Amino acid sequence: MAILGIETSCDETAIAVIDSPNKKVLCEALFSQIDLHNLYGGVVPELAARDHISRLVPLIKNEFEKNDLSFEILDAIAVSKGPGLRGPLLVGNTIANSIAYALKIPVINVHHMEAHLLMPLLDANPPSMPFVSLLVSGGHTLIVKVDEGGRYTIMGETKDDALGEAFDKTAKLLNLGYPGGPEIEKLAKLSQIDRFRFPRPMINSDCLNLSFSGLKTAVLYAVQKLDALSDEDKIEISNSFQNAAVDCIVSKVLKASIQENISDLVVSGGVAANEFLRCSLADAMPSNVKLHFPDLKHCTDNGLMVAHAGLMKIENSEKNYNIEARARWSLEENNNAR
Ligand code: KG4
Ligand code: ZN
């Protein structure tokens, strides 16, 4: 069974084809719009949508030609249905549905964060359920328990900014490029001291929720206090910010892992590419907890995570040969599926 995955939820036009039963990757390609949005210091949704329109079909065609693949091999198309930017999502969904209609194959709607979460299951040594997952991206920060049946329980989440968003906003305050996460990480590596000792919001609260907007404001005040922002200031602010943000995440994830007594921790989403976060989690976790990260190129948005999530959905539903008759079924329940 071959599935084409399409990802257009933000500023990456990405595709991949995965084949079962061995989960073989037949092709994979990504066009990043970073240069387009860098001019504005963040993603401009309208420009992102227009760029997906011009890139997506040629990307698919080129990749199929390059890898000598025929459209006839496809059994389904998986597409990120959300969450994300509405315009960019609409482009991906419209094109996915058009191709599927022409080929007479089904479309599988994929939850973008679920696709990030499931990515480490593609590894040679996947985590075993139940596990805890830390999802850290530009729009979300979630600590999720995944139970044996693959059901999700949100144990904690950010009450305001997502972790990636906090990295991006801090980078903007320091006049660094977009996306800010990798820029902050690069500078932080050059500093040895925690000069600013920024606050760690909610770190001592009993719950597993997080908050990053106060941290971002602390960075703003620190910048305002400085007469001019020297290169050294940027390096040290980056390091102090990253220390504070990662401290908050590590303490809550540690708490969640102990609470659930799990043996596997999965970390995914764009910020999972951050080496300091990876090392800090590895240092803090009890030695019996195995950590799972996607490889660096599959931490940030990509087509393979969507194709893979689509394949898992199909495989799971194929195993579920149950006949269900629901006497009670509110019309409103279908709102979530749309
Ligand atoms: O998952 P993703 O590609 O897109 C969303 O679903 O949002 O995540 C993008 C986010 C951005 O905020 C970006 O700055 C952050 O991930 N990011 C990083 C790093 N690489 C990407 N943050 C910190 N360190 C990194 N190395
Ligand atoms: Zn993402």
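Being at pLDDT 95 or above and not assigned by TED's automatic domain parsing to the domain that holds L311 narrows it down to one residue among V79, V144; which is it? On inspection, the qualifying residue turns out to be V144.
Of the residues I99, I77, which is more than 16 Å from ligand 2 (Cβ to nearest atom) and more than 18 Å from H308 (Cα to Cα)? One residue alone meets the criteria, I99. Of the strands (runs of 3 or more DSSP E) contained entirely in segment 1-120, those carrying at least 3 residues that are away from ligand 1 (no atom under 14 Å from the Cβ) and crowded, with 22+ Cβ neighbours inside 10 Å fall at 2-7, 12-19, 74-82. Only one of the listed residues (I237, I262, I193) is part of a helix (DSSP H, G or I) and among the β-branched types (V, I, T). That residue is I237.
Does segment 178-189 contain any residue that is under 21 Å from I258 (Cα atoms) and within 16 Å of ligand 1 (Cβ to nearest atom)? Looking through segment 178-189, none of the residues is under 21 Å from I258 (Cα atoms) and within 16 Å of ligand 1 (Cβ to nearest atom).
If you go through segment 265-319 and pick out every residue that is surrounded by fewer than 19 Cβ atoms within 10 Å (Cβ to Cβ) and part of a loop (DSSP other than H, G, I, E, B), you end up with 5. When L226, L173 are checked against the criterion of being surrounded by fewer than 16 Cβ atoms within 10 Å (Cβ to Cβ), more than 12 Å from ligand 1 (Cβ to nearest atom) and not polar (S, T, N, Q), a single residue qualifies: L226.
What do you reckon, is L190 in contact with a helix residue (DSSP H, G or I) (Cβ under 7 Å, 6 or more places away or on another chain) and either among the hydroxyl-bearing types (S, T, Y) or surrounded by fewer than 15 Cβ atoms within 10 Å (Cβ to Cβ) (or both)? Yes.
Being within 16 Å of ligand 1 (Cβ to nearest atom) and either outside any helix (DSSP H, G or I) or among the hydroxyl-bearing types (S, T, Y) (or both): is that true of V253 here? Steps first, please.
On the way: within 16 Å of ligand 1 (Cβ to nearest atom): yes; either outside any helix (DSSP H, G or I) or among the hydroxyl-bearing types (S, T, Y) (or both): no.
No, not satisfied.
Scanning segment 158-185 for residues that are within 20 Å of V250 (Cα to Cα) and more than 16 Å from ligand 2 (Cβ to nearest atom) gives K159, D160, T170, I184, E185. Within segment 204-217, the residues that satisfy the criterion of being in a helix (DSSP H, G or I) and surrounded by 19 or more Cβ atoms within 10 Å (Cβ to Cβ) are L215, K216.
Across segment 131-179, the number of residues qualifying as assigned to a helix (DSSP H, G or I) and within 15 Å of the chain's Cα centre (by Cα) comes to 6. Specify the residue that is nearest to ligand 2 (Cβ to nearest atom); the eligible residues are those in segment 137-157 that are more than 22 Å from N261 (Cα to Cα) and crowded, with 23+ Cβ neighbours inside 10 Å. Here the answer is S137.
Filtered by the rule that a residue be aliphatic (A, V, I, L, M) and either more than 13 Å from N288 (Cβ to Cβ) or within 16 Å of ligand 2 (Cβ to nearest atom) (or both), segment 255-273 gives A256, V266, V267, V271, A272, A273.
The values are calculated or read from the model by the stated rules, or taken from the named source; none is laboratory data. Please read these numbers as outputs of a predicted model, since none were measured by experiment. Heads up, the Cβs are rebuilt from the backbone with ideal geometry, glycines too, and the neighbour counts pull from every protein chain shown.
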